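One structure is given below, encoded as structure tokens.
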């Protein structure tokens, strides 16, 4: 039996209903007039509390039958005095038709009719035409409310499926929209060097050969080659073969390559390794450090360490790399776009550096976030799964 989330709210409401009945009957003095009501409501409230604490879906059928029996007991004890109590039958019947997704829901109006008729039999008034008609009308109401609840449930399920299909379509369209935007940006980036190459070739055809034209051809073809290389790296990092990479040694090499007039402070823990593609991860980390170097006023701060990370499958070792600078930082208006391909604030930038870093790091099971550094500039935090992390399947 598959139960709706509404079932949990029903169990809470049922317990509150029992307490409300107990309090209201006490105020009205009914518990003194009919002592049996007190015992019935108290026992029911206790069972409702136990079911609220100990929730097993397999007991769902029992819960609604319990409610019907409880209401029948109330009707029996107050028979001929408080006839309106029979209205309470409608609640378990209606909710059972919503939360139990099966045609067996019509079992509950039948059970309610049986117990309601049993009350008249126990009180010796079943043979009365008026009471017999009363039972038939109640039975009709029980089945009608059950049918209405079942119909509502089917409409809600249809609506949920429709909403999910719209959400899937929206996600798909977002993917297409991003693809169109990246394609347009790539075309724009390719157009400028191709225009320069085309113009240089045209001059060469006209016999206007010079060193400047050759320089233009060399520069623009190099730019195109680098652009295609970067784009391919952005497109397929997760397909690259993995190996054990000594990240401590790699970060030290990257720092040495990026030492300029700006000072780099390094705090690197020894013996840290990850499972990734050496070339891809080196390019990604180089892009992050290079970005910090270009943004810094005078100082760059790089830290690499391991830490214990709590994730869904347990506690495991993770690798954390932090790259900070003392530059102007990241403007809040563009913070959400810095990892988009071809988005750049640099005059000669391609906008693929941070995009490649994000794509590579997430492709190898990590994540990267950008924030504000305590040194005044930007701070990039990279978290990667450690090579020493146990495979979940192997740990079972």
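The values are calculated or read from the model by the stated rules, or taken from the named source; none is laboratory data. Quantities reported herein were computed from a predicted structural model and do not represent experimental measurements. When we count neighbours, we look across all protein chains shown, and the Cβ atoms used for this are built from the backbone with ideal geometry, even at glycine.
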When residues of region 246-257 are limited to those that are in contact with a strand residue (DSSP E or B) (Cβ under 8 Å, 6 or more places away or on another chain) and either part of a helix (DSSP H, G or I) or touching a residue at least 40 places away in the same chain (Cβ under 8 Å) (or both), the one surrounded by the most Cβ atoms within 10 Å (Cβ to Cβ)
247
Taking residue 34, is it over 29 Å from residue 137 (Cβ atoms) and either modelled with pLDDT of 80 or more or buried (at least 16 other Cβ atoms within 10 Å of the Cβ) (or both)?
no
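Could you identify the single residue in 284, 240 that is under 33 Å from the mean Cα position of the chain (by Cα), surrounded by 14 or more Cβ atoms within 10 Å (Cβ to Cβ) and at pLDDT below 85?
Details: 284 fails: at pLDDT below 85.
It is 240.
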Subset of region 110-134 (residues that are part of a helix (DSSP H, G or I) and either at pLDDT below 85 or surrounded by fewer than 17 Cβ atoms within 10 Å (Cβ to Cβ) (or both)):
110, 114, 118, 121, 122, 129, 130, 131, 132, 133
